[in-house]
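Presented below is the structure to which this report refers.
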Amino acid sequence: MDALDRKILTELQRDGRLTVTELAARVKLSVSPCHRRLRDLEREGAIRGYRAIVDPAAVGLDFEALVFVTLRWEDADTVGAFEEAVAAVPHVLQAQRLFGDPDYLLRVATSDLTAFRQLYDQRLARLPGVQRLTSTLVMKHVVDDRPLPQ
């Protein structure tokens, strides 16, 4: 990956709806080579996909919590079962395995505290291998969906 590929990635992170013509103009490249580089970046996995960034409040999911998960055991079966089950919970926006304690960090979005409590009690606390859950509520996003640096 060279500097031109990084410029393409930067521009697409700013606006994923750019046409190839607009993208080529922004990175100072003709359309055909720009299109070829774009397809290579997609094929190689540097660009994993395109999506709209939806305002959670607009769809009634503006209550957000971070949930720290500690597992009882960390054997392959427990970890695999937990990860498969947590991936099936639609309100879990992100799940990250961590080094140390806790074992996982989940970013969860619901409509309100009541919905979060219900999700917590009925789904999260019942995930395979869970020993302890600790939650904190998100007050405000200071930096959100920032593009990757060059």
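For region 1-122, the solvent-accessible area with a 1.4 angstrom probe is 65 square angstrom per residue. The C-alpha atoms of the chain define a longest principal axis, and helix 76-87 lies at about 70 degrees to it.
Sorting Glu22, Glu64, Glu74 by accessible area puts them as Glu74, Glu22, Glu64; the probe is 1.4 Å, largest comes first, and only protein heavy atoms count.
With the helix formula -39500 (n - 2.57) applied to DSSP H stretches of n ≥ 4, the chain reaches a computed 222 nm mean residue ellipticity of -10500 deg cm²/dmol. Shape class of region 1-64 from the Cα gyration tensor (axes a ≥ b ≥ c, square roots of the eigenvalues): prolate, since a/c reaches 1.5 or more and a/b is larger than b/c.
Remark: region 136-150, residue by residue, has Karplus-estimated 3J(HN,Hα) of 9, 8, 7, 7, 6, 8, 8, 10, 9, 6, 6, x, 5, x, 6 Hz, where x stands for each Gly or Pro and the curve is 6.51 cos²θ - 1.76 cosθ + 1.60 at θ = phi - 60°.
Approximating the spin labels as points 7 Å out from Cα along Cα→Cβ, the Ala125-to-Asp15 distance works out to 4.9 nm. For Cα extents along the principal axes in Å, computed directly from the structure shown, the correct entry in (1) 56, 37, 23; (2) 55, 29, 28; (3) 51, 33, 21 is (1).
Of Val79, His91, Val27, whose Cα points farthest to the positive end of the dipole of region 1-116 (charges on the beta-carbon: +1 Lys, Arg; -1 Asp, Glu; origin at the Cα centre)? Most positive-ward Cα: Val27.
Express the relative contact order of the chain as a whole percentage, based on alpha carbon pairs under 8 Å and six or more residues apart in sequence. In percent, rounded to a whole number, it is 28. Ordered from highest to lowest accessible area with the whole protein assembly present and a 1.4 Å probe, Met139, Met1 read as Met139, Met1. Under a 5 Å amide H cut-off, with hydrogens placed 1.01 Å from N, Asp103 pairs with Val69, Thr70, Leu71 among residues at least 5 apart or on other chains. Derived scalar couplings between HN and Hα for region 63-72 equal 9, 10, 9, 10, 10, 9, 10, 10, 8, 5 Hz in order, rounded to whole Hz, by the Karplus curve 6.51 cos²θ - 1.76 cosθ + 1.60 (θ = phi - 60°), x for Gly and Pro.
Taking the C-alpha atoms only, the angle from helix 31-44 to the longest principal axis of the chain is near 30 degrees. Using only side-chain charges placed at the Cβ, +1 for Lys and Arg and -1 for Asp and Glu, the dipole size of the chain relative to its Cα centre rounds to 520 debye. Between Ala76 and Glu44, the simple label model (points 7 Å from Cα in the Cβ direction) yields a spacing of 3.2 nm. Taking all protein chains as they are arranged and a probe of 1.4 Å, the heavy atoms of Lys140 leave approximately 150 Å² accessible to solvent.
Residues Val20, Val31, Val142, Val59, ordered by accessible area of protein heavy atoms at a 1.4 angstrom probe radius and largest first, appear as Val142, Val59, Val31, Val20.
The values are calculated or read from the model by the stated rules, or taken from the named source; none is laboratory data. Being a predicted model, the structure only gives us computed values, none of them experimental. Neighbour counts run over all protein chains shown; Cβ positions are idealised from the backbone, glycine included. Ligands, DNA and RNA are excluded from the accessible area calculation, which covers all protein heavy atoms including side chains. Shrake-Rupley method; radii C 1.70, N 1.55, O 1.52, S 1.80 Å.
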